[in-house]
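Below: one structure, written as structure tokens.
The values are calculated or read from the model by the stated rules, or taken from the named source; none is laboratory data. What you see is a predicted model, and the numbers here were worked out from it, not measured in a lab. Using ideal geometry, Cβ is built from the backbone for each residue, glycine included, and neighbour counts are taken over all protein chains shown.
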Amino acid sequence: MKRVGMGLIGPGFVAEHHLDAVRRLGDVDIVAIAGSSQDSADRKARAYKVDRAYSDYHALIADPAVHVIHNTTPNHLHLPVTLATLAAGKHVISDKPLALNAQEGRKLRDAAIAAKVAHVVTFNYRGNPLVQQARGMVVRGETGPLSFIHGFYLQDWMADANVYSWRSDPAKGGVTSALGDIGSHWCDVAEHISGLKITSVLADLTTVIPVRYSSGASAEAFSSTSTGERHAVQVRSEDLASVLLRFENGAKGCFSVGQVLPGHKNDLQIEFNGRTCSLKWKQEEQNNLWIGHHDRANCTLAKDPSLVSKDVLPYVHLPGGHQEAWSDAFRNLIADAYQWIREGGNPAAKPAALPTFEDGYRSTCLIEAMLKSHAAGSAWTNIQHLPANTQD
Ligand code: SOE
């Protein structure tokens, strides 16, 4: 089989997991990475055991051995890096959020469709086998019509005021922090499993830590803070938010996100209440799916190839009792992405669970509606998600 060459731009926290996932596929060559300077690119290339390092991402995109770009840059670089990749006619896998706002998200969605390449956004929780199992149960009508979808996504890595990353800087992370970074994942899982679109939102946002102390360098996600000189920075983006949701079938919902909540590491939980049964999935206990009943005992489905439905099997790699985890699910998403890439990004050949720039654009529309809702004093706000090829 012909090998595919990939290049990665923006070697921060999540980059290592992109490289790991690609290495596990076995038929993709990691050609080069690009960083913000030659020095940092060289350092990261050595650490990640990549042969070539560029300081200029345009040079990496132009490298003829590179067919696919992984864009893991901070949010403000998603637009220029991805547009340059699409202009070169190369496939692109972008980190979420796809862009800083809905206008940019739409531009990227439209450019990706016009470029006729594979365009993927890393809503990686779709790669979890029990997320796919839950989705199938809803599709097959096993839950009955859904009436309530609720949960949260809570983290604590920003609980220390000495953590200052680009996520808190509106010029680099965008005006939102918690909603864009992790609320985007929660909403994607909610819509993906339920098959229902959120139609309107009512949001209440808070900045629990309005002053942070920066060392000058951006803190990597989940890294501990270094000691030394720091300066105070005013933070305006939210680190805590709660949102009420209305779904297209009349279902109601709500979720909270927070980045400053001690004890919560990567605590994404989501529950779907149907007329027949309920489903609950917790990211930190991702090998179990809770099934709630009214008229018989509740039960837990453990991830096991002999128990999940057939269509979920490509996402399961180990027998029952052998725990699979975050990086295995991430690898599943990347495997689907490369399956699509090998089909040249033909829309008809896209694996069903794979999130595209359409989903990435949709996510920017949801977050934008939440920001508008809050700014309007927490008023109900409809989602404005424009189809491809619409005129302004
Ligand atoms: C940091 O909050 C982060 O790495 C997110 O950016 C990821 O999307 C999430 O999967 C884990 O947490």
Check: in a loop (DSSP other than H, G, I, E, B), at pLDDT 95 or above and within 19 Å of ASP359 (Cα to Cα) - does that describe any residue in region 141-163?
Finding: no
Notebook entry, point to check: What single numbered condition from (1) in contact with a helix residue (DSSP H, G or I) (Cβ under 6 Å, 6 or more places away or on another chain); (2) within 16 Å of the ligand (Cβ to nearest atom); (3) over 24 Å from MET370 (Cβ atoms) fails to hold for GLY263?
Noted result: (1)
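Can you go through LEU196, LEU268, LEU245, LEU205 and tell me which one is more than 16 Å from the ligand (Cβ to nearest atom) and touching a helix residue (DSSP H, G or I) at 6+ places or on another chain (Cβ under 6 Å)?
So the residue among LEU196, LEU268, LEU245, LEU205 that is more than 16 Å from the ligand (Cβ to nearest atom) and touching a helix residue (DSSP H, G or I) at 6+ places or on another chain (Cβ under 6 Å) is LEU205.
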Notebook entry, point to check: Are any of the residues in region 249-260 within 16 Å of the ligand (Cβ to nearest atom), under 28 Å from VAL308 (Cβ atoms) and of a type in the set (Phe, Trp, Tyr)?
Noted result: yes
Check: All but one of (1) out of contact with any helix residue (DSSP H, G or I) (no Cβ under 7 Å at 6 or more places or on another chain); (2) modelled with pLDDT of 95 or more; (3) surrounded by fewer than 13 Cβ atoms within 10 Å (Cβ to Cβ) hold for GLN391; which doesn't?
Finding: (2)
Notebook entry, point to check: Just wondering, is there one or more residues in region 286-304 that are in contact (Cβ under 8 Å) with a residue 24 or more places away in the chain and within 16 Å of the ligand (Cβ to nearest atom)?
Noted result: yes
Next item on the list: Could you tell me whether region 174-184 includes any residue that is of a type in the set (Ser, Thr, Tyr), out of contact with any Cys (no Cβ under 9 Å at 6 or more places or on another chain) and in a loop (DSSP other than H, G, I, E, B)?
Entry: yes
Notebook entry, point to check: Are any residues in region 230-248 of a type outside the set (S, T, N, Q) and over 11 Å from TYR213 (Cβ atoms), and if so, which ones?
Noted result: ARG236, GLU238, ASP239, LEU240, ALA241, VAL243, LEU244, LEU245, ARG246, PHE247, GLU248
Margin query: Which condition from (1) in contact with a His (Cβ under 6 Å, 6 or more places away or on another chain); (2) surrounded by fewer than 23 Cβ atoms within 10 Å (Cβ to Cβ) is the one that ALA118 breaks?
Written below: (2)
Item checked: Single match in VAL233, VAL243, VAL208 (criterion: outside any strand (DSSP E or B) and on the phi < 0 side of the Ramachandran plot) -> VAL208
